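Please read the structure below before turning to the comments.
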Amino acid sequence: MAGRMAGEDISLNKHNNMKLIIGLIFTCIGYTVAGQDTTALLLSKEREMFSAVCNGDKPAAEKLFAPDYVTINADGRMQSRVETMNEFGKFKGSTFRLSDQQIRRYGLTAIITGKAQFYIKSIQVAAVHYTEIWVAGANGWQFAGWQGTMTGGPSWYPIIGTAVLVVLIFAVWNWIRKKIAGKKSL
């Protein structure tokens, strides 16, 4: 038999061929999932993730977040999935608006970049540029990584700063007036 080494175990060869075929099938299935119009699916998963975070829906987040999830937050803290879930719910009650999203797929991995604005009672409290990592596996697309960078304060922050400064100046001016008025009455 040409192509076979003397003494080669045919059953081992068949076993290796079966592993190769199963591997190829899994790869093809994976690429089919990744090759479908996953843009809409990933954007939907992303919204689902942001909704879970902003609604404090920990059970939903536990399904979406991959076991090896890692985050580097806009405040510079790096956390594992366990650490993130231990603090889950701190953004409950906030809302979000996403923009400038771009999705790049690399086989069973997708990277989403964009801008997120967060609000509490319709008041913007933060804006970040972000990078997300999503991976396709047995449980579908899962959220595997996050990195956020603050883009600066909302545009109305200087107005608040100016208002606080005016109030402080007015308070100091009134205090000085009272001190001067008190000295005149002596």
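The values are calculated or read from the model by the stated rules, or taken from the named source; none is laboratory data. Predicted model, so just to flag it, every value in this text is computed and none were measured. Neighbour counts are summed over all protein chains in view; Cβ atoms, including those assigned to glycine, are modelled from backbone coordinates with ideal geometry.
Some observations on this one:
- Qualifying residue in region 87-99 (condition: in contact with a helix residue (DSSP H, G or I) (Cβ under 6 Å, 6 or more places away or on another chain), more than 20 Å from Gly152 (Cα to Cα) and touching a residue at least 12 places away in the same chain (Cβ under 8 Å)): yes
Residues are listed down the side, and each one gets a yes or a no for (1) at pLDDT 95 or above; (2) farther than 16 Å from Gln147 by Cβ; (3) not basic (Lys, Arg):
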| residue | (1), (2), (3) |
| --- | --- |
| Ala6 | no, yes, yes |
| Ser11 | no, yes, yes |
| Thr39 | no, yes, yes |
| Val82 | yes, yes, yes |
| Phe91 | no, yes, yes |
| Arg104 | yes, no, no |
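- Any chance Ala74 is small (Gly, Ala, Ser) and over 22 Å from Met150 (Cβ atoms): no
- Candidates Ala110, Ala116, Ala66, Ala74, filtered to the one that is in a loop (DSSP other than H, G, I, E, B), touching a residue at least 60 places away in the same chain (Cβ under 8 Å) and either surrounded by 14 or more Cβ atoms within 10 Å (Cβ to Cβ) or in contact with a Phe, Trp or Tyr (Cβ under 7 Å, 6 or more places away or on another chain) (or both): Ala74
- Residue check for Val33: assigned to a helix (DSSP H, G or I) and either at pLDDT 95 or above or not basic (Lys, Arg) (or both): yes
- Whichever residue in region 40-64 is under 14 Å from Tyr130 (Cβ atoms) and not hydrophobic (A, V, I, L, M, F, W, C) and, among such residues, is farthest from the chain's Cα centre (by Cα): Arg47
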